[in-house]
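Asker: A single structure is presented below for examination.
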Amino acid sequence: MSDENAPAMDYDSHERTYEGFINFSKVGTIAVLNIVLCLILFAFGGTTAVVFGWLMLIATLVASAIGLALGDSGWIPPTAIFVLTGVLAILTV
């Protein structure tokens, strides 16, 4: 009955959706961790740390957008910003 009328599954579309979800998960996780580092800069640092916190927060948004557009290697730009924010947090807090 329903086997005769059901369309065939589009596996290519399914794979693209899955890869997009995985990429979004990786970029989103790194972005959230970077936001936590920026909050640490805001809370425990001085004026310099707050300025760096705002700059890194803006850089996180830009790097996350670029990372989502890149696809499979999209985790690299937010990770670079995360490492830079971590170094700044160590130096300023």
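The values are calculated or read from the model by the stated rules, or taken from the named source; none is laboratory data. All figures in this text were calculated on a predicted structure; none of them were measured in a lab. In this analysis, Cβ positions are derived from the backbone assuming ideal geometry, glycine residues included, and neighbour counts consider all displayed protein chains. Please note that ligands, DNA and RNA were not included when accessible areas were found on the heavy atoms of the full protein model with its side chains. Shrake-Rupley method; radii C 1.70, N 1.55, O 1.52, S 1.80 Å.
Asker: Report the charge-dipole magnitude of the chain in Debye, nearest 20, computed about the Cα centre from +1 at each Lys and Arg Cβ and -1 at each Asp and Glu Cβ.
Answerer: 760
Asker: Another question, if that's okay. Which of the three applies to segment 4-56, rounded, prolate or oblate, going by the alpha-carbon gyration tensor with a ≥ b ≥ c and a/c under 1.5 meaning rounded?
Answerer: Judged from the Cα gyration tensor, segment 4-56 comes out prolate (a/c at least 1.5, a/b above b/c).
Asker: Give me the accessible area per residue for the chain, probe 1.4 Å, as a whole number in Å².
Answerer: Result: 68 Å² of accessible area for each residue.
Asker: What number in nm² do you get for the chain if you take the convex hull of its Cα atoms and divide its surface by four?
Answerer: Mean projected area for the chain: 7.3 nm², to one decimal.
Asker: By how many nm would the segment from ILE90 to LEU70 grow when fully extended, if each residue of separation counts as 0.36 nm and the alpha-carbon distance is taken off?
Answerer: 4.3 nm
Asker: As a check on your grasp of the helix formula, calculate [θ] at 222 nm for the chain: sum -39500 (n - 2.57) over DSSP H runs of n ≥ 4, divide by the residue count, round to the nearest 500.
Answerer: -29000 deg cm²/dmol
Asker: With each pseudo-label sitting 7 Å past Cα toward Cβ, what's the VAL51-ALA8 distance in nm, one decimal?
Answerer: 6.2
Asker: At 0.36 nm per residue, minus the direct Cα-Cα distance, what do LEU33 and THR17 gain on full extension? Give it in nm, one decimal, please.
Answerer: Here the segment from LEU33 to THR17 would lengthen by 3.3 nm.
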